[in-house]
Amino acid sequence: MISDIKKKTVDAKGAVSSHPAPKIRVVFMGTPEFSGEVLEGIVAAGYNVVAAYTRPDKPVGRKQEVVASAVKRLASERHIPVEQPARFDDETVKGLREYEPDLVIVAAYGRILPESVLSIPGFGCLNVHASLLPRWRGASPVQNALLAGDTETGVSIMLMDAGMDTGPVFAQESFEIAADDTTDTLLSRMSAAGVRLLISIIPKWIEKRTEPVEQDDSKATLCELIEREDGRIFWNETAANILNRYRGLHPWPGIFTFWKRDDGLLRLKLTRITIQKTDPAIKRKFGEVFESGEKVAIQSGEGIVYVEEIQPEAKGAMPIRDYVNGHPDFIGSILG
């Protein structure tokens, strides 16, 4: 099944394409930076992108400033019409039909497409998915791979159907997950691989020289939805699991803990950490902060977490020593 896909996949590690792009009308759908990089690759390859669909603008950050998505910014720079529907109602579907797309390309759009959309383009909807399907179907595959401690991941080009990432797969490219990889670094590598694979597949699909391979549903795993509170650390976990949580949830929502003081409960975001998997000679209470040589350490269920940088709520990130200098009672506290 999926193992057969790699035999059919062209070598996508070289130049994007030496052949002219097919003369087709493409609608692109995506939202975050990953999507923007895929869109840029499609445009650079010479495809006629007639519209870009992206999620509505929303407030982000501590100041809740309204920020346009990466896809909207890039599309606007390239003078590509931008659509930001809240839902695919009858009016939105009608508007999509008016663009007369031959192909829809989707990359991290963040919305399931209904049958009324999937049936519009003659060559269907291709999805650039950031995992080795059928592992990690869903909206947050990179985060889930890191949270699970996976050592390998990749990118898949899939022909979309009505299910959640259940369609047949054209091609995949896999690579190892490095020990210091985070969601950001993995997504950067995946977008480049995704563009290479996508540009190699489109002409073959248009010219009927390739067919996708059905996924093995018995091997499927589903993503868990990532929410802000998922970043909370429970100090009875192992240091290795805490590091996986940090890697998977960096930069958003990040990992955090609470410090109970006489003046209230402080929420502290740990913006840079390292770990030691083994316990020190003197094992302390879970969540206890102590000095280990020049470093500031926290005892976990197994092993210790070294805090390199910390961010108090409503403030900027700072080196841990700067924070300790202003809050000497942090050493010896019990976090929870």
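Which of the residues belonging to the range 148-200 are of a type outside the set (S, T, N, Q) and in a strand (DSSP E or B)?
152, 154, 155, 157, 158, 159, 169, 170, 171, 173, 175, 176
Looking only at the range 162-176, count how many residues are out of contact with any Asp or Glu (no Cβ under 7 Å at 6 or more places or on another chain) and within 10 Å of residue 212 (Cβ to Cβ).
3
Evaluate the following for residue 133: is it closer than 14 Å to residue 163 by Cα and assigned to a loop (DSSP other than H, G, I, E, B)?
Judged against the criteria, residue 133 is a match.
Among the residues of the range 180-216, count how many are among the basic types (Lys, Arg), in contact with a strand residue (DSSP E or B) (Cβ under 9 Å, 6 or more places away or on another chain) and farther than 28 Å from residue 273 by Cα.
Of the residues in that region, 2 qualify.
Given 80, 42, which one is in a loop (DSSP other than H, G, I, E, B), buried (at least 16 other Cβ atoms within 10 Å of the Cβ) and in contact with a helix residue (DSSP H, G or I) (Cβ under 9 Å, 6 or more places away or on another chain)?
Step by step, each of 80, 42 is checked, and only 80 is in a loop (DSSP other than H, G, I, E, B), buried (at least 16 other Cβ atoms within 10 Å of the Cβ) and in contact with a helix residue (DSSP H, G or I) (Cβ under 9 Å, 6 or more places away or on another chain).
Give the residue that is nearest to residue 145 (Cα to Cα), with candidates limited to residues of the range 73-131 that are touching a residue at least 40 places away in the same chain (Cβ under 8 Å) and of a type in the set (Phe, Trp, Tyr).
109
In this structure, does residue 37 turn out to be in a helix (DSSP H, G or I), at pLDDT 95 or above, surrounded by 11 or more Cβ atoms within 10 Å (Cβ to Cβ) and not assigned by TED's automatic domain parsing to the domain that holds residue 269?
Against the criterion (in a helix (DSSP H, G or I), at pLDDT 95 or above, surrounded by 11 or more Cβ atoms within 10 Å (Cβ to Cβ) and not assigned by TED's automatic domain parsing to the domain that holds residue 269), residue 37 qualifies.
State the number of residues belonging to the range 240-275 that are at pLDDT 95 or above and under 29 Å from residue 133 (Cα atoms).
12
In the range 187-242, which residue that is of a type in the set (Lys, Arg) and more than 21 Å from residue 157 (Cα to Cα) is surrounded by the fewest Cβ atoms within 10 Å (Cβ to Cβ)?
Only one residue fits best here, namely 228.
The values are calculated or read from the model by the stated rules, or taken from the named source; none is laboratory data. Predicted model only: the values in this text are computed from it and were never measured. When we count neighbours, we look across all protein chains shown, and the Cβ atoms used for this are built from the backbone with ideal geometry, even at glycine.
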